[in-house]
Amino acid sequence: MPAYIRNALFAVVMLCAMIVGVRVYLEVDARQQYADSVPRSGQLDSAPATLPHFVLNDVWGERRNIHEWAGQPLLINFWATWCAPCRREIPLLEALHKEQSGIQVIGIAVDVRDDVATFLGEFGVSYPNLVGETDAIDVAAMLGVDEMVLPFTVLVGADGQLLTVHTGELTAGQLAEIAAISAAYETRELSAAAARAELAEI
C-alpha cells in the first residue's frame, strides 16, 4: 500500500476516534449534569427539621389539615395520575397501608381533583389523599423540594420530626426498609440522626 494512502487512512481513523471520544465525553457530562440537578434520596439540606403546617383539599373538596394525623408516623407520598412511576408505586403504598404497619400513608396528588377521584376509585386506594395543583407544589417547596420530581415521599416521625425526603419511585423492598427504620425510631432504638443516616442510604 502506498505511503500516502496509509497516511490518509491513519488520519481518518484518528479523526473517527476523536469524534467518538468527544461524543462520549459530552454524553457523560450531560448525564452528570442531569444527575446533579435531581434531588437525591434522603437529602435534607434544604428540608425543615419538623413537618410544617399546611392545609389542602381532599378528593371531596373538604379542607384537611395535615395535623389531623399528628401523633403517628406519616409517610406522605406526592404523586399524579399521569406519572407512570407513581402509578406503579401506589399499589405498594396501599399494601403498606393495609398491613397496619404503624405508619399512616397519605397521598398528595399534584393533579386535578376529578382525575384523582376517578383514579383512586378505579384502583381501590383506601388511604387518605389530598389534592392540589399550585397548592401542592407550594407544600413541596415547604418540605425542601424546589424542583418537582414525582413521585417523592416524605417520612415523618410521630413527634413531627421530618426524617427523610425520598425522590423517585420506591420498591417494595425499600418501603419495607423505611417501615423498619420508622419502627426503630418510634421505639427509640434509633435517634433522629441515626434514622436519617440510615434512610439516606435507601
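Filter the range 67-123 down to residues that are of a type in the set (F, W, Y) and part of a helix (DSSP H, G or I) and give me whichever is farthest from L150 (Cα to Cα). Talk me through it step by step, then tell me what you get.
Start the filter on the range 67-123 by keeping residues that are of a type in the set (F, W, Y), which leaves 69, 78-79, 82, 119, 123.
Filter once more, so that each one left must be part of a helix (DSSP H, G or I): 69, 119, 123.
Working: W69: 23, F119: 17, F123: 19 Å.
In this case the residue turns out to be W69.
What tally of residues in the range 129-154 results from selecting those that are part of a strand (DSSP E or B) and acidic (D, E)? Lay out the reasoning, then the answer.
Looking only at the range 129-154, we keep the residues that are part of a strand (DSSP E or B), and these are 129-132, 152-154.
Going one step further and asking which of them are acidic (D, E), we end up with none.
Here the count works out to 0.
Could you please give the count of residues in the range 165-177 that are more than 10 Å from the chain's Cα centre (by Cα) and either among the acidic types (D, E) or not in a helix (DSSP H, G or I) (or both)? Write out each step before concluding.
Applying the first criterion (more than 10 Å from the chain's Cα centre (by Cα)) to the range 165-177 yields 171-177.
Okay, now just the ones that are also either among the acidic types (D, E) or not in a helix (DSSP H, G or I) (or both), so 171, 177.
So the count comes out to 2.
Somewhere in the range 72-93, is a residue free of Cβ contacts under 8 Å to residues at least 12 places away in the same chain and more than 18 Å from the chain's Cα centre (by Cα)?
No, that holds for no residue.
Restricting attention to the range 112-129, report how many residues are touching a Gly at 6+ places or on another chain (Cβ under 9 Å) and in contact (Cβ under 8 Å) with a residue 40 or more places away in the chain.
Looking only at that region, the number is 5.
Failed condition for R63, given (1) basic (K, R); (2) loosely packed, with under 12 Cβ neighbours inside 10 Å; (3) modelled with pLDDT under 95, with all others met?
Tallying (1) basic (K, R); (2) loosely packed, with under 12 Cβ neighbours inside 10 Å; (3) modelled with pLDDT under 95, R63 fails exactly one: (3).
Give the range 165-198 a look and list any residue that's on the phi > 0 side of the Ramachandran plot and either at pLDDT 95 or above or loosely packed, with under 14 Cβ neighbours inside 10 Å (or both), or say none.
Restricting attention to the range 165-198, the residues satisfying the condition of being on the phi > 0 side of the Ramachandran plot are 168, 188.
Within the range 165-198, just R188 meets the criteria.
Can you pull out every residue in the range 145-164 that is surrounded by fewer than 18 Cβ atoms within 10 Å (Cβ to Cβ) and either under 8 Å from the mean Cα position of the chain (by Cα) or not assigned by TED's automatic domain parsing to the domain that holds I103 (or both)?
Once the filter is applied, which keeps residues that are surrounded by fewer than 18 Cβ atoms within 10 Å (Cβ to Cβ) and either under 8 Å from the mean Cα position of the chain (by Cα) or not assigned by TED's automatic domain parsing to the domain that holds I103 (or both), the range 145-164 yields only V149.
Consider A109 carefully, then state whether it is surrounded by fewer than 17 Cβ atoms within 10 Å (Cβ to Cβ), within 18 Å of L93 (Cα to Cα) and in contact (Cβ under 8 Å) with a residue 12 or more places away in the chain.
Values: surrounded by fewer than 17 Cβ atoms within 10 Å (Cβ to Cβ): no; within 18 Å of L93 (Cα to Cα): yes; in contact (Cβ under 8 Å) with a residue 12 or more places away in the chain: yes.
Criteria not met by A109.
The values are calculated or read from the model by the stated rules, or taken from the named source; none is laboratory data. All values derive from a computational prediction rather than experimental measurement. Because the Cβ atoms are built from the backbone with ideal geometry, glycine has one as well, and the counts that use them run over all protein chains shown.
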